[in-house]
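Visitor: The structure follows.
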Amino acid sequence: MPLKIDVDANKPGITRVALVGSLDSDTAPQLEKALAAIDAAVLLVVLDMKELAFISSAGLRVVFVALKRQEAKGGEVVVTNMSEGVKKVFEIVKALPNMNVFASVKEMDEYLAHFQKKQG
Amino acid sequence: MTIPPPMLVRFQGSDATTANALQAVQEFAERAGLPDAMRSDLLVVTDEIVSNLLKYGGLPRERVELEVRASIEQGALTLQFADNGRPFDPLSAPPPALELPVKQRPIGGLGIHLVRSLTDKQRYARSDGRNVLVLTRAVGL
């Protein structure tokens with residue numbers, strides 16, 4: 001089932017990636033490409049999963065690769081707005097302790113503001 | 001939630017795709033009025049199983065025959081996948097190394113771990129030249 005990816009790279013150092021649809025074995029390569037194209041200087045990648053219907057292991061792998069890449073350069077991946085089903089999948093593979101997850105947009109915006117201050 | 005009639009779809013050749021299997025399961029879940037989280041679980045399972053059997057079936061795409069069945073009976077949803085690929089039991093995959101942090105894990109085994117975690121029972125059989133995988137999950141119907 002299709003995946004639409006909206007990339008917002010307007011804030012320096014932060015790229016926000018909104019996912020719409022399904023992140024499955026067919027669509028995971030699309031996300032892989034989009035994440036690999038993110039500028040090397042971007043330390044914070046935000047994955048907004050509000051409109052993501054489900055994520056399978058193919059999608060998880062792409063997220064993990066991005067996580068490794070970000071952490072290798074002292075950055076991170078933040079995941080936000082997961083539906084119950086998507087969150088459950090991350091929980092099952094015990095990935096949640098490895099990434100920042102935000103329950104609300106407000107919480108995340110506060111984190112982003114703090115992160116940008118740190119960046120100077 | 002309502003109990004829809006059992007679903008049986010057969011896909012052959014170029015129609016035997018993960019996308020088509022997902023569509024069929026999605027439609028069944030919608031007809032049954034299943035909650036979003038449960039529908040999501042079924043779609044994850046479908047993606048894992050179908051993408052796996054297409055990858056490891058060993059057949060040229062035009063010869064693939066895939067059958068997807070779904071039914072709800074006595075509070076349990078049964079999802080069944082049958083294919084004509086070489087004998088392959090997806091349940092025999094080794095478990096992933098979940099105790100390691102994500103960064104250190106070899107990438108593998110996650111898919112079947114998800115299938116086991118998102119369903120109550122899983123059963124594989126080789127029958128009449130087909131791999132048959134039956135998954136059940138309790139639903140409140």
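Visitor: Report the residue, chosen from B:L53, B:L114, B:L79, that carries the largest GNM mean-square fluctuation when chain B is represented by alpha-carbon nodes joined by springs under 10 Å.
Guide: Looking only at B:L53, B:L114, B:L79, the biggest GNM fluctuation is shown by B:L114.
Visitor: Just check region A:3-115 against the gyration tensor rule for me: Cα atoms, a ≥ b ≥ c as the square roots of the eigenvalues, rounded for a/c under 1.5, and otherwise prolate or oblate depending on whether a/b exceeds b/c.
Guide: Rounded, since a/c falls under 1.5.
Visitor: Report, for the protein assembly as shown, the % of DSSP beta bridges that are antiparallel, rounded to 5.
Guide: Rounded to the nearest five, the antiparallel share is 65 percent.
Visitor: I would also like to ask the following. Please sort A:51-62, B:38-49, A:4-15 by packing, taking for each peptide the average over its residues of neighbouring beta carbons within 10 angstrom, highest first.
Guide: Highest mean packing first, the order is B:38-49, A:51-62, A:4-15.
Visitor: Where both partners of a DSSP beta bridge lie in chain A, what percent of those bridges are antiparallel, to the nearest 5?
Guide: So the antiparallel bridges in chain A amount to around 25 percent.
Visitor: Let me ask something else. Within 10 Å of each Cβ of B:35-45, how many other protein chain Cβ atoms are there on average?
Guide: 6
Visitor: Using every pair of alpha-carbon atoms in the protein assembly as shown, split the distances into 5 Å bins beginning at 0 and state the percent of pairs per bin, rounded to integers.
Guide: Bin by bin from 0 Å, the calculated values are 1, 6, 13, 16, 18, 15, 12, 8, 6, 3, 2, 0, 0, 0.
Visitor: What average number of partner chain Cβ atoms lie no more than 10 Å from the Cβ of the residues making up A:42-55?
Guide: Across the residues of A:42-55, the mean count of other-chain Cβ atoms within 10 Å is 2.
Visitor: Also: Placing unit charges on C-beta atoms (Lys and Arg positive, Asp and Glu negative, everything else neutral), compute the dipole magnitude of the protein assembly as shown about its Cα centre in debye, rounded to 20.
Guide: Around 600 debye, computed over the protein assembly as shown.
Visitor: Enumerate the aspartates and glutamates that A:K117 could reach by cross-link, defined here as Cα to Cα under 13 Å, with residues fewer than 8 away along the same chain left out.
Guide: Straight-line reach from A:K117, under 13 Å: A:D109.
Visitor: A further question on this structure: I need the phi-derived Karplus couplings for region B:125-133: 6.51 cos²θ - 1.76 cosθ + 1.60, θ = phi - 60°, integer Hz, Gly and Pro marked x.
Guide: 8, 9, 8, 6, x, 10, 7, 10, 10
Visitor: Among rounded, prolate and oblate, which fits chain B when a ≥ b ≥ c are the square roots of the eigenvalues of its C-alpha gyration tensor, a/c under 1.5 means rounded, and a/b larger than b/c means prolate?
Guide: Taking the square roots of the gyration eigenvalues as a ≥ b ≥ c, chain B is oblate.
Visitor: Output the peptides A:67-73, B:27-33 sorted from most to least packed, where packing is the average of other Cβ atoms within 10 Å over each peptide's residues.
Guide: Per-residue mean Cβ counts within 10 Å order the peptides as B:27-33, A:67-73.
FYI, it's all coordinate maths here, none of it is from the lab. Just so it is clear, the structure is predicted and the values come from calculations on it, not from any experiment. Here Cβ is always computed from backbone atoms with ideal geometry, including for glycine, and neighbour counts include all displayed protein chains.
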